[in-house]
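Colleague: Take this structure first; my questions come after.
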Amino acid sequence: MNRQRRLILVSALAVAASALGTAAPLAGPAGNGAQSDSSIPDFSGIWSHPYWPGFEPPPAGPGPVTNRSRLRGGPQRGVSNPRQFVGDYTNPILKPAAAEAVKKHGEMELNGVGSPTPTNQCWPGPVPYIFGTIAILMLQQPDKITILYGGHQFRQVRMNEPHPGRVTPSVYGDSVAHYEGDTLVIDTVGIKTDRPFAMVDMYGTPYTNALHVVERYRLLDYEAAKEGLERAAKENFRLPPDSIPPVADSDSNYRGKHLQLTFTVEDEGVFTTPWSATMTYGRPPMPDGRGRGGAEYVCAENLRYSGRQPAVPTADKPDF
């Protein structure tokens, strides 16, 4: 399956985890509002979410666009079809123009043409699109949080700083963070709109320069995480273990702490109301990244898109 193969993590994720380990986070300098070393939760290491295309609808309230195309048979009957992304353009969160964009995106899928996305076109995914990555590596430092997505994309989040008075738009936006007790809160604005494949999900849902995303990360005991894991299994396709390297899979026997991301999206140019979703991560069978799997995968050399010439990023001159 082409789309599944595109999800395979490159070896950089495993290498980074092995080299950097899972050391506990360090506290920020005293007097800047940062928490003490002992009170900062440890989010470090690899976390896996082997469900596609990703977002878990919230337990209640407005949620993300979901897939109208569902599997009709097999052990995962009724979940999102991993081969066809037909967004529910009737979702009340969508304003008319946004609903039309999602509808057209889905029509391409239904017609067998295939719709271009950052994933199948080898372009970086903006926030929150990038949250759909099946494995992340989180690194905590006194002045910043670094999150690697699948080994080939990463964000750096500044700690205990405000957004600048004038934000220069960028692919991942300007992200600042702080701890609220046991929760890491990341606030992102300034997500670039003048770029190819500007969408917040696999269904072509657009966004404007008013896009504002707030992420809240916290650790949960297994019993508390089960509800989120069950929502993931009900909505999204569970990738088979033999289709992804072990470092991207989740250990079915793991009963330790889980990481849950709850994020809220606002964009008055596209959505009628703020909406939220979650991502509930477990630990892979080999959290240090050792073992088989994790083979290198170079997206730009393996593109397939309905027989068309893909929009692979190119440069007019050497970078150095």
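The values are calculated or read from the model by the stated rules, or taken from the named source; none is laboratory data. All values derive from a computational prediction rather than experimental measurement. We place every Cβ from the backbone using ideal geometry, glycine too, and count neighbours over all the protein chains shown.
Colleague: Within segment 261-276, how many residues are aliphatic (A, V, I, L, M) and either at pLDDT below 95 or in contact with a helix residue (DSSP H, G or I) (Cβ under 8 Å, 6 or more places away or on another chain) (or both)?
Modeller: Keep residues of segment 261-276 that are aliphatic (A, V, I, L, M), which gives 261, 265, 270.
Filter again for either at pLDDT below 95 or in contact with a helix residue (DSSP H, G or I) (Cβ under 8 Å, 6 or more places away or on another chain) (or both), leaving 261, 270.
Total meeting the criteria: 2.
Colleague: May I ask you to list the residues in segment 171-224 that are out of contact with any strand residue (DSSP E or B) (no Cβ under 7 Å at 6 or more places or on another chain) and of a type in the set (K, R)?
Modeller: The one that is out of contact with any strand residue (DSSP E or B) (no Cβ under 7 Å at 6 or more places or on another chain) and of a type in the set (K, R): R195.
Colleague: Can you tell which of Y179, Y222, Y217, Y207 is closer than 28 Å to Q76 by Cβ, crowded, with 17+ Cβ neighbours inside 10 Å and among the hydroxyl-bearing types (S, T, Y)?
Modeller: Values: Y179 fails: closer than 28 Å to Q76 by Cβ; Y222 fails: crowded, with 17+ Cβ neighbours inside 10 Å; Y207 fails: closer than 28 Å to Q76 by Cβ.
None of the other options fit; the residue is Y217.
Colleague: Let me ask something else. Would you please name the residue that is surrounded by the most Cβ atoms within 10 Å (Cβ to Cβ), looking only at residues in segment 149-176 that are touching a Ser or Thr at 6+ places or on another chain (Cβ under 9 Å) and among the aliphatic types (A, V, I, L, M)?
Modeller: V157
Colleague: Also, I was wondering about something else. Restricted to segment 230-262, and to residues that are more than 18 Å from the chain's Cα centre (by Cα) and of a type in the set (S, T, Y), which residue is farthest from E215 (Cα to Cα)?
Modeller: Among residues in segment 230-262 that are more than 18 Å from the chain's Cα centre (by Cα) and of a type in the set (S, T, Y), the one farthest from E215 (Cα to Cα) is S243.
Colleague: Does segment 293-306 include one or more residues that are part of a loop (DSSP other than H, G, I, E, B), modelled with pLDDT under 95, more than 28 Å from R72 (Cα to Cα) and among the basic types (K, R)?
Modeller: No, the conditions are met nowhere in segment 293-306.
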